[in-house]
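Visitor: I'd like to ask some things about the structure below.
The values are calculated or read from the model by the stated rules, or taken from the named source; none is laboratory data. Just so it is clear, the structure is predicted and the values come from calculations on it, not from any experiment. With ideal geometry, Cβ positions are generated from the backbone for all residues, glycine too; neighbour counts draw on all protein chains shown. Just the protein is used for accessible areas: all its heavy atoms, side chains included, with ligands, DNA and RNA removed. Shrake-Rupley method; radii C 1.70, N 1.55, O 1.52, S 1.80 Å.
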Amino acid sequence: MKKKIKSLSSKIVFLISLVTLFSILLIFNIFEKINKEAFYNVETQKAKLVLSTIEPLIALNMYLSLNDRVDQLTKQLITNPNILAIKVLQNNVIINERKSKEFENNIDDSIIVENAIFHPNSKKKMGTLVLTYSNKNYKELIDQYTKLLIKVLFLFGIFFILFSLYVKKLLSPLRKIAKSLKNYTPDHKINIPFIQQNNEIGLISNALNNMQQSIMQYSEQQQNINKYLEEKVSEKTLELRTQLYTNSLTKLPNRLTLLHDIRIFSDSALLIINIDDFKEINDFFGQIAGDNILVALAKKLDTMFLEKNNIKVIHLGADEFALFFMKKPLQEEFVSIAKTLITDIEKMVFLHEENELSIRVTVGGALQMQDALEKADIALKSAKKQGKSFLLYDKNLEVEKQYKNNIEWVEKLNIAIENDKIIPYFQPIFDNKTNKIVSCESLIRLIDEDGKIIGPYHFLTIAKKSKVYTKLTRIMIEKSCQYFEHLDCDFSVNLSVEDMQDEDTVDFIKYSIEKYNVNKKIVFEILETEEIENFEEVLNFINELKILGCRIAIDDFGSGYSNFAYLLQLNIDYIKIDGSLIKNIDTDLNAKIVVETIVSFAKKLDMLVIAEYVHKEDVYKKVKELNIDRSQGFYLAEPQEKVIL
């Protein structure tokens, strides 16, 4: 339904009429009230003048007791047509009263005034004179005034109506201009009326016409700009789409292309190709050499499968490529292609600065398209783990189960951290001479949702691969220091190389030691491992803590990589012999010889030796015979929530 447009001129005229009507009514009421009051006062003054005139005469006659004369005066006054009644009172008693014939008919429309009668000599009040005065003249004056005022207001009304019509006529050109602009569009020129008029309307019309021309010019410019931008956007969209779905280095389709193709082709297959030890090539020969190998391999793969329209070569990123089979081949053909591919690639020779380089690859394949990328990746990782060059995905690989287990444990760890369910358990360490507890090792435990205590075997390895490991270290440091703050017992906490190399963790360790004042009690157990590559960094950490008064132990010493030289460099206080040497020391001669060597070495360096995994009496006796200083194991005490000294 078309919306009706309200006229501005009509609104103005209506507003003027409304204001005019309101003004007229207001003026009429004000003037009428003022004049009525003025006329009434005039008539009242007339009545009072009559009283003030006759009061002296009546007062004199009352003083001389000439009541006849008073009666004559009142009789004479009542002949005045404007006087309806007169009454003389002495001591509140009427002594004379006269009423005209019109009194009864005009009693409701009369004016009553009073005046005191005073003694001629003493001015003492002798009585009261009451006059009832007719308001006939007042009514006549009011009627005449009202008629005159109505005429004047009527003339004013006519004037304002004519003025309103004149205003509406003046504004009518604006309405015509507005109508002409109603359907205006920048690309359609309209004829604006009244341009030739030499007045304000003409100025407005000319201004609008000039504005119309400017808008049309601007619109034309914008259309040209928009057209140019659309062309550029189309070019950029094509360019970005190419970049989005193409690897910038090798110009092959990328991972997004593969994901797109997997959704489209349901009956397909996938091979993932990974270059073995590609990081070493980059590190040794440089990234340019690595990039050149990737480009050469991409060209080789593209050439190998150029004539096979149903196989697409894809660069997944970094050192990984893929072959996407748009139509699934037979398993025998699929495996044959994979093995041939591996052989051909490993025959390739890449030249870099007169150096001949070759590469090896590992390939994982999947013939099932549901989660194909994930399954091919599982096969690839399983092949690497098993030292094979190719594996076809099989549900018996059970890697998915391991992945799922890892994800579940990471989730459990995060929940445990959030709910403060990571706690330390303490396993006592005994002095082999006194058989008394001299220290305790803090061992991490997790309380699951059922309240079950879980040991680190289930989650610590997974934690090290995720981002929660440093959180666990800090929790153990905080809670262990807090527990032993007021306990007269030494305690030890395990640290990894990653902990010692993490500045935030090191700062937290120092802060906790100072906060709980345990610098003389705490021992840090460092895992003896070949992964300690930066001895200088580890040595700095040890020296900083020893300055604070802390002690250092090498944990699991003899577990497979015993480096006596680095014991000399690290300036440690304790050697904890690994349980793999201790558990069968009562029967294993080789283990006994190794342990004797470690003990002899430690004694010469004034280091204390602790035997781990003392799980039975015969082992405990043998440990003592070998002059090992301290023992730790389930035979002596299991890890417990509280330390009982």
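Visitor: Amide H neighbours of SER439 under 5 Å, at least 5 residues apart or on other chains, H built in the peptide plane: list them.
Guide: ILE429
Visitor: For segment 99-183, run through the trypsin sites (Lys or Arg not before Pro) and keep only the ones in DSSP coil with at most 14 other Cβ atoms within 10 Å of their Cβ.
Guide: LYS101, LYS123, LYS124, LYS182
Visitor: For the chain, what does -39500 (n - 2.57) per DSSP helix run (n ≥ 4), summed and divided by total residues, give at 222 nm, in deg cm²/dmol to the nearest 500?
Guide: -17500 deg cm²/dmol
Visitor: Computed FRET efficiency, Cβ-Cβ of LYS604 and HIS486, R0 30 Å: what is it to the nearest 0.05?
Guide: The formula returns an efficiency of 0.20 here.
Visitor: Out of segment 558-626, which trypsin sites (Lys or Arg not before Pro) are coil in DSSP terms and have no more than 16 other C-beta atoms within 10 Å?
Guide: Here the trypsin sites (Lys or Arg not before Pro) that fit, given the DSSP loop and packing criteria, are LYS616.
Visitor: Multiply the residue gap between ASN80 and ILE112 by 0.36 nm, knock off their C-alpha separation, and tell me the result in nm, one decimal place.
Guide: Going from the current span to full extension adds 10.0 nm.
Visitor: State, to one decimal in nm, how far the label point of LEU26 lies from the label point of HIS615, with both points 7 Å from Cα in the Cβ direction.
Guide: 10.8 nm
Visitor: Using 1/(1 + (r/R0)^6) with R0 = 45 angstrom and r between the beta carbons of ASP344 and ASN540, what's the FRET efficiency to the nearest 0.05?
Guide: In this case the efficiency is close to 0.35.
Visitor: Which order do you get for ARG98, ARG263, ARG255 if you rank them by accessible area with a 1.4 Å probe, largest at the top?
Guide: The ordering from most to least exposed comes out as ARG263, ARG255, ARG98.
Visitor: Which cross-chain or sequence-distant (5 or more) residues have an amide H under 5 Å from the amide H of HIS119, H modelled 1.01 Å from N in plane?
Guide: LYS124, LYS125, MET126
Visitor: Which percent of the accessible heavy-atom area of the chain goes to carbon and sulfur, probe 1.4 angstrom?
Guide: Whole-percent figure for carbon plus sulfur exposure: 53.
Visitor: Provide the per-residue ³J(HN,Hα) series for segment 254-269, in order, calculated from phi with Karplus coefficients 6.51, -1.76, 1.60 and θ = phi - 60°, each as a whole number of Hz, with x at glycine and proline positions.
Guide: 10, 4, 4, 4, 4, 4, 5, 5, 4, 5, 7, 9, 7, 9, 9, 8
Visitor: Looking at segment 463-547, which trypsin sites (Lys or Arg not before Pro) are in a loop (DSSP not H, G, I, E or B) and have at most 10 other Cβ atoms within 10 Å?
Guide: Qualifying residues, ordered by number: LYS467.
Visitor: Sort out the exposed loop GluC sites (Glu not before Pro) in the chain (DSSP loop, at most 13 other Cβ within 10 Å) and tell me the longest stretch that has none.
Guide: 1-306
Visitor: How charged is the neighbourhood of THR79? Take every other residue with its Cβ under 13 Å from the Cβ of THR79, and add Lys/Arg as +1 and Asp/Glu as -1.
Guide: Taking every other residue near THR79 into account, the sum is +3.
Visitor: Any idea what angle helix 372-386 forms with the longest principal axis of the chain, computed on alpha-carbon atoms, 0 to 90 degrees, nearest 10?
Guide: Taking the Cα atoms of the chain, the angle to 372-386 is about 30 degrees.
Visitor: If I model a spin label as a point 7 Å beyond the Cα along the Cα-Cβ vector, how far apart are those points for ASN406 and ILE34 in nm?
Guide: 10.1 nm
Visitor: Oh, and also: For the chain, find the longest principal axis of its Cα atoms and tell me its angle to the long axis of helix 331-347, 0 to 90°, nearest 10.
Guide: Here the helix axis deviates by roughly 70 degrees.
Visitor: Largest first, how would THR185, THR74 line up by accessible area (1.4 Å probe)?
Guide: Sorted descending by solvent-accessible area, the residues read THR185, THR74.
Visitor: How many angstrom lie between the Cα centre of segment 391-455 and the Cα centre of segment 539-606?
Guide: A separation of 25 Å, based on Cα centres.
Visitor: Please report how far the C-alpha centroid of segment 612-645 lies from that of segment 292-342, rounded to the nearest whole angstrom.
Guide: So the separation of the two Cα centres works out to 59 Å.
Visitor: Quick one: of LYS339/LYS375; LYS36/LYS147; LYS433/LYS642; LYS576/LYS604, which pairs are farther than 21 Å apart, Cα to Cα?
Guide: As for pairs spanning more than 21 Å Cα to Cα, those are LYS433/LYS642.
Visitor: Relative to the longest principal Cα axis of the chain, at what angle does helix 469-484 sit, 0 to 90 degrees, rounded to 10?
Guide: Between the helix axis and the principal axis of the chain, the angle is about 90 degrees.
Visitor: Moving on. By how many nm would the segment from LEU548 to ALA565 grow when fully extended, if each residue of separation counts as 0.36 nm and the alpha-carbon distance is taken off?
Guide: Between LEU548 and ALA565, full extension yields an extra 3.6 nm.
Visitor: Using only protein heavy atoms and a 1.4 Å probe, report how much of VAL599 is accessible, in Å² to the nearest 10.
Guide: Here the residue's solvent-accessible area equals roughly 10 Å².
Visitor: Could you state how much accessible area MET348 has, in square angstrom rounded to the nearest 10, with a 1.4 Å probe and all protein chains kept in place?
Guide: For MET348, solvent-accessible area is about 30 Å².
Visitor: Now for a different question. Suppose the chain between GLU353 and LEU636 were pulled fully straight at 0.36 nm per residue; how much longer would it get relative to their current alpha carbon spacing?
Guide: 95.4 nm
Visitor: Sort SER248, SER122, SER100, SER205 from largest to smallest accessible area, using a 1.4 Å probe on the heavy atoms of the protein chains.
Guide: Listed by decreasing accessible area, they come as SER248, SER122, SER100, SER205.
Visitor: With r defined as the distance between the Cβ atoms of LYS520 and ASP450 and R0 fixed at 35 Å, what FRET efficiency is calculated, to the nearest 0.05?
Guide: 0.35
Visitor: Could you list the residues of segment 370-388 with an amide nitrogen less than 17 Å from a label point located 7 Å from the Cα of ASP267 in the Cα-to-C-beta direction?
Guide: Those under the cut-off are 370.
Visitor: Another one. Could you derive backbone 3J(HN,Hα) for segment 279-295 from the dihedral phi with the Karplus parameters 6.51, -1.76 and 1.60 (θ = phi - 60°), listing whole Hz in sequence and x where the residue is Gly or Pro?
Guide: 4, 5, 5, 4, 5, 7, 9, x, 5, 5, 5, x, 5, 4, 5, 4, 5
Visitor: Also, I was wondering about something else. What is the Cα centroid distance between segment 104-175 and segment 220-263, reported in whole angstrom?
Guide: When both Cα centres are located, 92 Å separates them.
Visitor: Counting only the backbone N, which residues of segment 27-54 are under 19 Å from the spot 7 Å out from the Cα of GLU102 toward its beta-carbon?
Guide: Flagged as within label range: 39-51.
Visitor: Quick check: pseudo-label points 7 Å beyond the Cα along Cα→Cβ at GLN90 and LYS395, how many nm apart are they?
Guide: If labels sit at GLN90 and LYS395, their model points lie 14.1 nm apart.
Visitor: Can you list the aspartates and glutamates whose alpha carbon is less than 12 Å from that of LYS125, not counting same-chain residues fewer than 8 positions off?
Guide: GLU55
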